[in-house]
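The values are calculated or read from the model by the stated rules, or taken from the named source; none is laboratory data. Quantities reported herein were computed from a predicted structural model and do not represent experimental measurements. Here the Cβ positions follow ideal geometry from the backbone for every residue, glycine too, while neighbour counts run over all protein chains shown. The protein model used for the area step is the full one, side chains on, heavy atoms only, and it has no ligands, DNA or RNA in it. Shrake-Rupley method; radii C 1.70, N 1.55, O 1.52, S 1.80 Å.
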Amino acid sequence: MTPSYDPPAAQADLDRMLLDTVGVAPAEASHADLMQATARLARRQLSERWVQTQAAERADKARRVYYLSMEFLIGRTLGNALAALNLRDAAADALQGHALQLEEVAEQEADAALGNGGLGRLAACFLDSMATLGLPSFGYGIRYEYGMFAQHIAGGRQVEHPDPWLADGTPWEFPRAGVNFCVRFGGWVEQQGERALWRHAGEVAAKAYDMVVPGHGTHKVSTLRLWKAAAPAHIDLHAFNSGDYARAAEVKNEFENISWVLYPNDSTPAGRELRLRQEYFFVSASLQDLLGRHLLEHARLENLADRVAIHLNDTHPAIGVAELMRLLVDEHAMPWAAAWAQCQRIFSYTNHTLMPEALETWSVGLMQHVLPRHLQIILRINQEFLDQAAQVRPGDLGFLQRLSLIDENGERRVRMAHLCVVGSHKVNGVSALHSELLVKTIFADFASLYPERFTNVTNGVTPRRWLAQANPGLAALLDRTIGADWRLDLRQIAALTRHADSGALRAAFAIVKHANKGRLAAYVERELGIRLDPASLFDVQVKRIHEYKRQLLNLLHVVTRYQAILANRQADWVPRSVILAGKAASSYHMAKQIIRLVHDVAAVINADARVANRLKLVFVPNYGVSVAELIMPAADLSQQISTAGTEASGTGNMKLALNGALTIGTLDGANIEIRDKVGADNIFIFGHTTAEIAALNHGGYQPLRLYEGNPALKAALDAIAGGQFSPDEPDRYRGVVDALLWGGDHYKLLADYDAYVAAQTRVDALYRDGEAWVRMAIANVAAMGSFSSDRAIREYAQNIWGLAPRDLEPHAR
């Protein structure tokens, strides 16, 4: 199957693949068989491109970037691969010979359970852009067998089940039988003169599995190398033959569980130890791999920093700083000072949170138990760093305590974000506001020492996945209107503004949006049994469930709206379908309570005949990439309502706006930059700013006074706390409300409630004017040009990694 194949040749190639690799007669092939065969046709070309790319990079002795991330939320691969290989039409023709649409076959593929939220989806977008820009690059992560979890809802409650996405295998991975490394844990350290000898207590094998990430408009690809943990000896055969089957598999399970689950519950000592082992496992394997590649190509390590850039995506891979030092000093006998100079030129670090409690730390005791040599290295790095800092501000012990890699307050803990900052030559935030706040708050002392080390790279999303693939109707409309170059240069989408006065464009845009809403409504009815009206306003909040993201504020508005409809049933209400989705961490009680509250409120509202179709509330379970590809093109309103100063950037805000949703949001994260691009008249901004939130905190914030002074707010909270939505257990949500009224309302929901409800009233008024709404939606799409992951990766390459991205040529379909 090649781009020039005619339909009979394409079908013949597909049928041959069914016979040769799937092992089924074409006439008997199931949908799943056809997905496997189509994927393997694409895989064949991906393999050729991977071999060509690696050969060219070896010949060039290319400088490479290695992107280390705990998550890569890549979703389904088939659609993206076919588009990148220019095989989509040929595949569709071949499948028509089996009386099937390509979309039917693509749905047979499971989402790769390699991530959870924005962090992982950002990493996936970045790999797409690295390949498209021709950057020599590897992504490194873990081959999770069961993902984080598959979310099911039972009685309104989140229930976590394993996500066995590999149960039937995947056609997209290439096992690398000859690539495996030993990763060691525990034990003690012996000093033999100047040399430290780590006497480890256990070890696990890291086995490599590659997924090829194709570039678009190029034959270049990027590699996502994932590590699977394998015990050195699979079972204790003696125990097995003696009938002790549990002990026979004990060692195997003890080590192989490292790559079973993303983010194991860390509320127990065993869970915390497993997390640390996970992070070290993939970092150590990755660094051993890249050092081996470098030595094969260059035969020496003195030029390592000239040929290698390592990027740490958040603090999870932070132990890489100590591990590279261990490998260079202990394994390759490089002098300490030379090794440290290399490290500081090689590493760069992206911070993704401003919340101190979210910055990863490990107890010194746990680090000593699991990684004793690394603790030694970290303590030496810390001592040398503090000695330098003391020369800048002599006698300022508070300054040194804040900078120290070891938190000495209470249980001694290693501050992994501090290790990243000290060990990197560049540290970036992910939106202009976030980067500004980084150097004013959590990293202020570091910024005073190293002001040149800190920079900003605002996040971006790939338009190939989030517009061309997720929203083919809108993509086709754009192609007809402005051409197809926007796929490789999203700035070209600004040309849409030249057609803003076209009634034909607005009509076509509205038709596409209505069709996308109909598709989502059909999915919701099929999966949940709830009927949504595609003519209603689709009000969407889809993201990880967390208090700072304020899904609860959204619910307060829903309850307020419900009560207002009941109080004035004759009014001309704008019909609204409120759609939420997202997972709560398995140990996060409050987030799980919010999910349950959503379902309880929905059960009451959706069953109330007095409301009719004027208000519906649904929660779409098991949110992931494929579900997002359904929801985002259908959204009319994008809820980005986090407390100002808490969201680093967000990328859902970009994806939704790119698909024609209008944003209701606070001045937080990338919302500010979106407002600046779309214009203040084309976005619904509300709420306190970061500075105003800080003033509330310092001025003695009193949420109870807001509650007593606002009848609508009081009525909504009283209904929730009093059991109107949980009559079988009236006090079910008393704790949720008490956290707002008596627990300080940490994320200022009550402070922003009035402004939020007023902004929602403005939303209603605009939606009544269909022409004005569509005009504003088109303006949002046209303004999204700077929010491409291609732009972000170009900035990383030029300003941080020291690589030259290729100039993109016009797209040829």
### Message
Name the residue that is farthest from SER626 (Cα to Cα), counting only residues in segment 560-596 that are of a type in the set (Phe, Trp, Tyr) and outside any helix (DSSP H, G or I).
### Response
TRP573
## Note on the structure
Within segment 157-209, residues being crowded, with 18+ Cβ neighbours inside 10 Å and touching a Phe, Trp or Tyr at 6+ places or on another chain (Cβ under 6 Å) number 5
### Query
Is there any pair with a first residue in segment 577-589 that is under 29 Å from ALA612 (Cα atoms) and a second that is open to solvent by less than 20 Å² (accessible area, probe 1.4 Å) and acidic (Asp, Glu) whose Cβ atoms are under 6 Å apart and which are 6 or more apart or on different chains, and what are they?
VAL578/ASP539
### Residue count, segment 183-212 (criterion: touching a residue at least 60 places away in the same chain (Cβ under 8 Å), touching a Cys at 6+ places or on another chain (Cβ under 8 Å) and not β-branched (Val, Ile, Thr))
1
### Task
Go through (1) open to solvent by less than 20 Å² (accessible area, probe 1.4 Å); (2) under 26 Å from GLY679 (Cβ atoms); (3) of a type outside the set (Ser, Thr, Tyr) and name the single condition ILE545 misses.
(2)
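Taking the criterion of being among the acidic types (Asp, Glu), surrounded by 24 or more Cβ atoms within 10 Å (Cβ to Cβ) and either in contact (Cβ under 8 Å) with a residue 40 or more places away in the chain or part of a helix (DSSP H, G or I) (or both), would at least one residue in segment 287-300 satisfy it?
Checked segment 287-300: no residue is among the acidic types (Asp, Glu), surrounded by 24 or more Cβ atoms within 10 Å (Cβ to Cβ) and either in contact (Cβ under 8 Å) with a residue 40 or more places away in the chain or part of a helix (DSSP H, G or I) (or both).
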### Message
As an exercise: evaluate ARG576 against (1) of a type outside the set (Gly, Ala, Ser); (2) closer than 22 Å to PRO633 by Cα; (3) open to solvent by 50 Å² or more (accessible area, probe 1.4 Å) and give the number of the one condition it does not meet.
### Response
(3)
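Give LEU397, LEU403, LEU438 a once-over and let me know the one that is among the aliphatic types (A, V, I, L, M), surrounded by fewer than 19 Cβ atoms within 10 Å (Cβ to Cβ) and out of contact with any Ser or Thr (no Cβ under 6 Å at 6 or more places or on another chain).
Answer to the check: LEU397.
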### Task
Under 8 Å between Cβ atoms, at least 6 apart or on separate chains: pull out the pairs that start in segment 748-775 with a residue that is on the phi > 0 side of the Ramachandran plot and end on any residue that is in a helix (DSSP H, G or I).
LYS748/ILE693; LYS748/LEU696
## Note on the structure
So, first residue closer than 24 Å to ARG49 by Cβ in segment 154-173, second residue basic (Lys, Arg), Cβ within less than 7 Å, six or more apart or across chains; the pairs are PRO171/ARG40; PRO171/ARG43; TRP172/ARG43
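What's the total number of residues in segment 29-82 that are small (Gly, Ala, Ser), assigned to a helix (DSSP H, G or I), open to solvent by 20 Å² or more (accessible area, probe 1.4 Å) and farther than 21 Å from ALA305 by Cα?
Total satisfying the criteria: 3.
Kindly evaluate ALA691 against the criterion of being assigned to a helix (DSSP H, G or I), of a type in the set (Gly, Ala, Ser) and either more than 29 Å from the chain's Cα centre (by Cα) or surrounded by 19 or more Cβ atoms within 10 Å (Cβ to Cβ) (or both).
No: the conditions fail for ALA691.
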#### Entry: Single residue of SER267, SER242 found to be open to solvent by 40 Å² or more (accessible area, probe 1.4 Å), of a type in the set (S, T, N, Q) and more than 31 Å from the chain's Cα centre (by Cα)
SER242
### Query
Could you give every pair whose Cβ atoms fall below 6 Å, whose first residue belongs to segment 537-549 and is at positive phi, and whose second residue is open to solvent by less than 20 Å² (accessible area, probe 1.4 Å) and modelled with pLDDT under 95, counting only separations of at least 6 or pairs across chains?
none
### Message
All but one of (1) at pLDDT below 95; (2) touching a helix residue (DSSP H, G or I) at 6+ places or on another chain (Cβ under 7 Å); (3) farther than 21 Å from GLU647 by Cα; (4) aliphatic (A, V, I, L, M) hold for VAL601; state the number of the condition that does not hold.
### Response
(1)
